[in-house]
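Heads up, the thing below is written out as structure tokens.
The values are calculated or read from the model by the stated rules, or taken from the named source; none is laboratory data. No experiment lies behind these values; they were computed from the predicted model shown. So basically every Cβ, Gly included, is an ideal-geometry build from the backbone, and we count neighbours across all protein chains shown. When the accessible area is computed, the model is the full protein with side chains, heavy atoms only, and any ligands, DNA or RNA have been set aside. Shrake-Rupley method; radii C 1.70, N 1.55, O 1.52, S 1.80 Å.
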Amino acid sequence: MRWIKHLWSSPGRRIALVAGGLFALDQATKAAVLGSIPYAHEKVVVEGFFKLVHWGNTGAAWSLLRGYNDLLALVAILALVLLWWYRHHFELRSWVGQIAFGGVLGGIAGNLLDRLRVGHVVDFLYFYMPKADGSELGFPAFNVADSAICLGVGALFWLSWRMSTRPQKNSVSPAPSEDRPATTPSSASSSAPE
């Protein structure tokens, strides 16, 4: 049990553990999909609401930039490097910030491995509603990595917003008292000990 406490003892380790844990969970769920659902097939879990699917996405979110898998792999590598390099710009003093940042890194790494290994990002969670004409109105399919990225980015934005709306501590000197008379810059420089 002490080794767990040691692993979780610093912000950098917490970020790495969350990133590694989400990366492993993402890859395990994708391996299960790759092994059980043929490509472009689906399994209904909750009729009229949720399906497990095996779809590939060579683009970004909502299939933007479809067909640019190699370019998006390079963008993901660059994003990982830049996020780590500029991590001090994020609110990482709190556990929430560390977990969120780890989620973003783990999610990017999980989708990056898909792009390099499979040639596309494996998406498998699909929420939908049937329409009167028999077609479906659905939210774009996604995966664990996508969820980690979205939730992590959302939490980091929320932390940044929360920090920016907090009242800033002023560097105003304390109010004068009987022991400490008020001074102004001109009176402080012109008064000399007698």
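So here's what we get for this one:
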quantity	calculated
Any chance residue 74 is open to solvent by 20 Å² or more (accessible area, probe 1.4 Å), assigned to a helix (DSSP H, G or I), closer than 24 Å to residue 15 by Cα and among the hydrophobic types (A, V, I, L, M, F, W, C)	yes
Test: residue in the range 80-87 that is of a type in the set (Lys, Arg), part of a loop (DSSP other than H, G, I, E, B) and out of contact with any Gly (no Cβ under 8 Å at 6 or more places or on another chain)	no
Positions within the range 142-167 being open to solvent by 60 Å² or more (accessible area, probe 1.4 Å) and in a helix (DSSP H, G or I), in sequence order	150, 151, 157, 158, 161, 162, 164, 165
Selected residue [more than 14 Å from residue 73 (Cα to Cα), out of contact with any Leu (no Cβ under 7 Å at 6 or more places or on another chain) and aliphatic (A, V, I, L, M)] from 141, 100, 132	132
Test: residue in the range 36-55 that is free of Cβ contacts under 8 Å to residues at least 40 places away in the same chain and part of a helix (DSSP H, G or I)	yes
Residues of the range 26-61 satisfying the condition of being more than 26 Å from residue 136 (Cβ to Cβ) and surrounded by 16 or more Cβ atoms within 10 Å (Cβ to Cβ)	27
Positions within the range 84-107 being open to solvent by less than 90 Å² (accessible area, probe 1.4 Å) and over 14 Å from residue 157 (Cα atoms), in sequence order	102, 105, 106, 107
Checking residue 65 against (1) among the hydrophobic types (A, V, I, L, M, F, W, C); (2) in contact with a helix residue (DSSP H, G or I) (Cβ under 7 Å, 6 or more places away or on another chain); (3) part of a helix (DSSP H, G or I); (4) over 19 Å from residue 18 (Cα atoms), the condition it does not meet	(3)
The range 1-21: number of residues that are touching a helix residue (DSSP H, G or I) at 6+ places or on another chain (Cβ under 9 Å), without any contact (Cβ under 8 Å) to a residue 40 or more places away in the chain and either buried (at least 16 other Cβ atoms within 10 Å of the Cβ) or not small (Gly, Ala, Ser) (or both)	4
Selection count where residues are open to solvent by 40 Å² or more (accessible area, probe 1.4 Å) and on the phi < 0 side of the Ramachandran plot, scope the range 118-137	10
